[in-house]
Amino acid sequence: MAHKGERFVGKVAVLTASSDGIGLAIARRLGLEKAKVVLGSRNITKVRNAVELLRKEGIDAIGVQCHVANAEERKNLLEEAVKHYGGIDILVSCAGTNPNLGFLTEMSEAAFSKIFDTNVEQTPEYEHELKYDMPMKRKGRPEEVAGPAAFLLSDDASFITGETLLVTGGMQSRI
């Protein structure tokens, strides 16, 4: 999917959990719209492969090993972004839900442990059991989340705050 927009020229985007899936799709979309991207994820081999993939598409990208449950690695991710690109304009946490308000570097270890226990380590494998009785008759693709994420991160959404954008393929999500 080609994108010729340049909404993110001169911007630096740091993304956690971005070596594959939705995180990588968002990084790719931001990079195609001219952001410089910093990928962070636990598996350095996957990070390197993702950076190589993005660079082949002409995207200015670097990667840093970062398990977001580790405060030192979170700090290093941000420091590497600043060291390499001179600052950070966009921070996207793709690791899961985050019940804590505040800065990534100031979150307690306990809060991060709870996030990962709930959203990563204890999430059951269920994709093979999905029933396609929703309107779109299929599960969503990471790229289908990247477009709405890029919109919310852009100046086009500068007056949107405190809203939830549901990317559900028509599946009922509200009570």
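Points to keep in mind about this one:
- Any hit, segment 78-89, residues being of a type outside the set (Gly, Ala, Ser) and open to solvent by less than 20 Å² (accessible area, probe 1.4 Å): no
- Matching entry among 147, 140 (being in a loop (DSSP other than H, G, I, E, B) and either at pLDDT 80 or above or within 21 Å of residue 24 (Cα to Cα) (or both)): 140
- Filtered residues of segment 6-53 (kept if open to solvent by less than 30 Å² (accessible area, probe 1.4 Å), part of a loop (DSSP other than H, G, I, E, B) and not polar (S, T, N, Q)): 8, 33, 35
- Exactly one residue among 45, 16 is touching a Cys at 6+ places or on another chain (Cβ under 7 Å) and β-branched (Val, Ile, Thr), and that residue is 16.
- Matching residues, segment 28-72, being touching a residue at least 40 places away in the same chain (Cβ under 8 Å) and either β-branched (Val, Ile, Thr) or touching a strand residue (DSSP E or B) at 6+ places or on another chain (Cβ under 7 Å) (or both): 30, 35, 36, 38, 63, 66, 68
- Single unsatisfied condition, residue 97 versus (1) β-branched (Val, Ile, Thr); (2) modelled with pLDDT under 95; (3) open to solvent by 60 Å² or more (accessible area, probe 1.4 Å); (4) not in a loop (DSSP other than H, G, I, E, B): (4)
The values are calculated or read from the model by the stated rules, or taken from the named source; none is laboratory data. Computed from a prediction, not measured in an experiment: that's the story for all the values here. Cβ coordinates were reconstructed from backbone atoms using ideal geometry, including for glycine residues, and neighbour counts include every protein chain displayed. Protein only, heavy atoms only, side chains kept; ligands, DNA and RNA dropped before computing areas. Shrake-Rupley method; radii C 1.70, N 1.55, O 1.52, S 1.80 Å.
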